[in-house]
Structures are given as C-alpha cells and as structure tokens.
Amino acid sequence: MKGQLTWIEVRDSIGWIKINRENKLNALNLELIDELHDRIINFQKHSSVKVIALTGKGKKAFVAGADISEFSGFKPQQAGAFARRGNQVLFDLIAQLEKPVIAAINGYALGGGLELAMSCHLRIAVQHAKLGLPEVSLGVIPGYGGTQRLPALIGKGNAMEMILTGDMISADKALKLGLVNQVVPAEKLFEATITLAERLMKNSPNSIKNAIKAINASDITLNGFKDENLQFSKCFGTTDFKKGVAAFLEKRKPEF
Ligand code: COA
C-alpha cells in the first residue's frame, strides 16, 4: 500500500514502513512525521504484525534530517513546541512502542534521521551509511532526543565528540561504538532485517513488551529531554542559527 510519503507492507509478520521522499533524501517534514505516526499506530494495533521495520527509499538516505526549509523561520517558542510535538507523536511513540521496531538504515542517517533510528529498538546499517548529528553546523542542537539517546547508546565522551564536531561517522565506526547492532552489504539489508526480526519473533511478545519498558526505564531522565527542548529552542533566536540555516539553503558552508 502506498501513501503520500510512506509505503507499507506486511509480510511474514513484519510490518515494513518505507519513507518515500527520495528527492529530499527522505527529510522529515511535519506531514511525514504525522504519516509515520499513523502507520506505526496501525501496525501497533494490527495483530498479525509482530515486528516493525523502518527504512528509507533509495540507496542514498535513510533520513537526512528534519526538513531544514520547514523550520528555518521559526522563533524560539515555535521551535520548542515543534520539537515537543515531534517527540510526542513519533520519536517517543516508537521508543515506547510495545512491539520492537528495527531501523534498516539504507544510507545517510543524519540529525532527525539518526534520532529516528535511535528511537528504534535495534539498528542495522548498510556499509555505505553515514551517521551523524550535524545540528551544531546549522547553529542549532539536536531536538528529537539526540542529546539523550546518543550518550545512552555510545557513552557521554563519544556522544560529546559526535555532537560537538557534528561530523558524520562510517557504519563500521558506528558498529564499534555500539550505535548500530549490525553492518551489512547494501544488498543484504532486507534479508538481515528479516533474520533479526525472526530472532525476536520466536520469543514471547509479552516479555518483549515488558523488556522494552524496563530497558527504557534504565537510562533516560525526563529532565534531560526537557532541557534539550529548552536549549534547542533557545538556538532559534540567535544570529548563528540564521547564518547556519541560510548557508544550508544557499548550498554553502556557514561562517560562525
Ligand atoms: N532538509 C531539507 N532538505 C534536505 C535535507 C534536509 N535535512 N537534506 C537534504 N535535503 C535536500 C537538499 O536541499 C536537496 O534538495 P534540492 O535538490 O531541491 O536542492 C536534496 O535534498 C538533495 O540533497 P543534496 O544536498 O543536494 O545532496 P548531496 O549529495 O549534495 O548531500 C547531504 C547530501 C546529506 C550531505 C546533504 O544533503 C546534507 O548535508 N543534508 C543536511 C543534513 C543535516 O544537516 N541534517 C540535520 C538537519 S537538522
């Protein structure tokens, strides 16, 4: 079944969601966030779906971030509300879902794209994938949980390096850091995702649900997410933000 910005299919108890905005490297705009929300809620209710797999269309990008053109004119208050809404309807929904969600990372996972992958319970990346949180190069910071989920996955020191440099890392480095669970050749992504899903599906769905809840309770504080939202929204009133976003939209490097 094909929607505006996503494509879905249920096969062998796996609910596949493919993000279908290839000409913008699958960047997340509000419409896409809402569509993903609806797809995930449907799969959550769908009794024949045991595992959800999320991927992007094309070879180039899983998701290259939140859609920069959409938030370029935001004031701090709007930005804070925008990120809170996105977290609530999509990122936290996935992280707290009762069915496991696997991110099948088929290319760039940057900014909101890496945050989306990190909100999933497991991640498989293709060898050519590049992962990063480049927000500081735009005069902003991660706003969809990246400052909280990245240190939980790879430790504070490694997260500081990735977030403060804004640099992208290779899939192999991501594997070494524990940011992804597996790296596979591009042509094996589909097969590897099915194999991983099958390993989960042989276990008790009730135990999987309870394990996700318990694991989530271990590492993240609500205050961290609130503070991220505050610091994220404050960036939007700055000249650095204007410079960073204008540079991206004009396809040049910013000078801070
Ligand atoms: N938001 C909006 N549009 C985006 C986007 C994003 N996050 N990422 C890519 N696009 C768009 C580009 O503007 C371009 O659109 P156009 O063809 O209408 O001009 C199209 O997707 C293709 O991207 P392009 O930059 O031309 O591809 P590239 O191969 O030269 O570079 C990237 C690929 C991923 C390095 C580059 O697109 C990039 O840096 N994207 C932004 C990453 C980012 O900062 N994400 C965090 C956002 S908070």
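The values are calculated or read from the model by the stated rules, or taken from the named source; none is laboratory data. On a predicted model such as this, the values are computed, not experimentally measured, just so you know. So basically every Cβ, Gly included, is an ideal-geometry build from the backbone, and we count neighbours across all protein chains shown. Surface accessibility is based on the protein's heavy atoms, side chains included, excluding ligands, DNA and RNA. Shrake-Rupley method; radii C 1.70, N 1.55, O 1.52, S 1.80 Å.
Of the beta bridges in region 6-187, as assigned by DSSP with both residues counted there, near 25 percent are antiparallel.
Distance between the modelled labels on A81 and L230, one decimal in nanometres: 2.0 nm (7 Å Cα→Cβ projection). Max-minus-min Cα coordinates of the chain on each principal axis give 53, 36, 35 Å, with the largest extent listed first. Probing with 1.4 Å while keeping every protein chain in the model, the per residue accessible area of the chain equals 48 Å². Sites listed here are trypsin sites (Lys or Arg not before Pro) in region 1-92 whose DSSP assignment is loop and whose Cβ has at most 16 other Cβ atoms within 10 Å: K59, K60. Per residue, the average separation of C-alpha pairs within less than 8 Å and at least 6 apart gives region 6-187 a relative contact order of 19 percent. Which residue fluctuates most in the GNM of the chain (Cα springs below 10 Å): L32, L110, L200? Result: L200 has the largest fluctuation of those listed. The calculated 222 nm mean residue ellipticity attributable to helices in the chain amounts to -14000 deg cm²/dmol, summing -39500 (n - 2.57) over DSSP H runs of n ≥ 4 and dividing by all residues.
Between Q78, Q148, Q96, the residue with the greatest mean-square fluctuation in the GNM of the chain (Cα pairs under 10 Å linked by springs) is Q78.
Using Cα springs under 10 Å in a Gaussian network model of the chain, which residue among A109, A81, A117 shows the largest mean-square fluctuation? Judging by the Gaussian network model, the answer is A81.
Modelled this way, with points 7 Å down the Cα-to-C-beta line, the labels at N42 and A217 are 3.3 nm from one another. Taking GluC sites (Glu not before Pro) in DSSP loop states with no more than 11 other Cβ atoms inside 10 Å as exposed sites, the chain has its longest site-free stretch at 1-249. Restriction of the trypsin sites (Lys or Arg not before Pro) in region 184-215 to DSSP coil positions whose beta-carbon has at most 13 other beta-carbons within 10 angstrom yields K202. Across all directions, the shadow cast by the convex hull of region 159-213 built on its C-alpha atoms averages 5.3 square nanometres.
Counting Lys and Arg as +1 and Asp and Glu as -1 over every other residue whose Cβ lies under 11 Å from the Cβ of A129, the net charge comes to +4. Computed about the Cα centre, the dipole magnitude for the chain is approximately 200 debye when only Lys and Arg (+1) and Asp and Glu (-1) carry charge, each at its Cβ.
With bins 10 Å wide beginning at 0, the percent of Cα pairs of region 60-153 falling in each bin runs 17, 50, 29, 5. The Cβ shell under 12 Å around I68 holds other residues with a net charge of -2, Lys and Arg each +1, Asp and Glu each -1.
For region 1-114, the share of accessible area belonging to carbon and sulfur comes to 49 percent (1.4 Å probe, ligands and nucleic acids excluded).
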